[in-house]
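The values are calculated or read from the model by the stated rules, or taken from the named source; none is laboratory data. Note that the coordinates shown come from a computational prediction; the quantities given were computed from them, not determined experimentally. Neighbour counts are summed over all protein chains in view; Cβ atoms, including those assigned to glycine, are modelled from backbone coordinates with ideal geometry. These accessible areas exclude ligands, DNA and RNA; they are computed on the full protein's heavy atoms, side chains included. Shrake-Rupley method; radii C 1.70, N 1.55, O 1.52, S 1.80 Å.
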Amino acid sequence: SVVPKVTRPLMEAVKTVTGTRCLIVGPGIKTGLDIKIDRPETLGADIVAGSVAACEKYGCPNITIFMGTATVVIYNDKNGAYCGGAIMPGVSISLDALTKHGALLSSVDLVAPKKAICTNTADCTRSGVVLGNAFMLDGFIDKFKEETGITDCPIISTGGLSKQIIKNCKNKIINDENLILDGLRIISERNN
């Protein structure tokens, strides 16, 4: 869980239903991930688990994209160390904010329009939200490669809307719906 007030009740529910004690991904848990950021204890358990799985399944270095409430783009170096990344509003939050604060804008489905220059409000919104997020991801990927000096590495995405967005990216991105679950399994195995 990355929602602190949910963690304890969830642990208790799992213990009640299964009789099993939960492992909580956080300080003190063996992940095998060297976290090279200013305050490692602040890194979300979902990002830790996804990074562990990305390194294990796809090798390092890699760039991994998490598309949920927030969109997070991270870099794991050639030694499998988590080196940091960028956090921005998620696709749905961006669309919700736009339609909530734009009096004449209505929510739309998240299907890419046929072109970027659109001629009606709904398609203009789709262009901005779907293609805009794809272009943003491509920009971050290019900038990460520039800053790290890597020319080629696996790029992995996970999260509810990632499949819809990454198909509009110029970079080849592998969608892995189970990345975080695989990371949790790997972490569990490393702690048993």
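Report yes if residue 128 is in a helix (DSSP H, G or I) and touching a helix residue (DSSP H, G or I) at 6+ places or on another chain (Cβ under 6 Å), otherwise no. In short, no.
Which members of segment 38-64 meet the condition of being open to solvent by 50 Å² or more (accessible area, probe 1.4 Å) and farther than 14 Å from residue 159 by Cα? Those that are open to solvent by 50 Å² or more (accessible area, probe 1.4 Å) and farther than 14 Å from residue 159 by Cα: 38, 39, 40, 41, 42, 56, 57, 58. Note on segment 17-31: among residues that are open to solvent by 100 Å² or more (accessible area, probe 1.4 Å) and modelled with pLDDT under 95, the one that is farthest from residue 46 (Cα to Cα) is 21.
If the condition is being open to solvent by 50 Å² or more (accessible area, probe 1.4 Å) and under 23 Å from residue 71 (Cα atoms), then segment 91-122 contributes 92, 93, 96, 98, 100, 101, 105, 106, 107, 109, 111, 116.
Determine which single condition residue 134 fails, assuming it passes every other condition in (1) in a helix (DSSP H, G or I); (2) open to solvent by 80 Å² or more (accessible area, probe 1.4 Å). So the condition that residue 134 fails would be (2). Each residue in segment 29-53 was checked for being within 19 Å of residue 179 (Cα to Cα) and not small (Gly, Ala, Ser), and 11 of them qualify.
Mind checking which residues of segment 158-191 are outside any helix (DSSP H, G or I), touching an Asp or Glu at 6+ places or on another chain (Cβ under 7 Å) and farther than 18 Å from residue 113 by Cα? 158, 171 - these are the residues of segment 158-191 that are outside any helix (DSSP H, G or I), touching an Asp or Glu at 6+ places or on another chain (Cβ under 7 Å) and farther than 18 Å from residue 113 by Cα.
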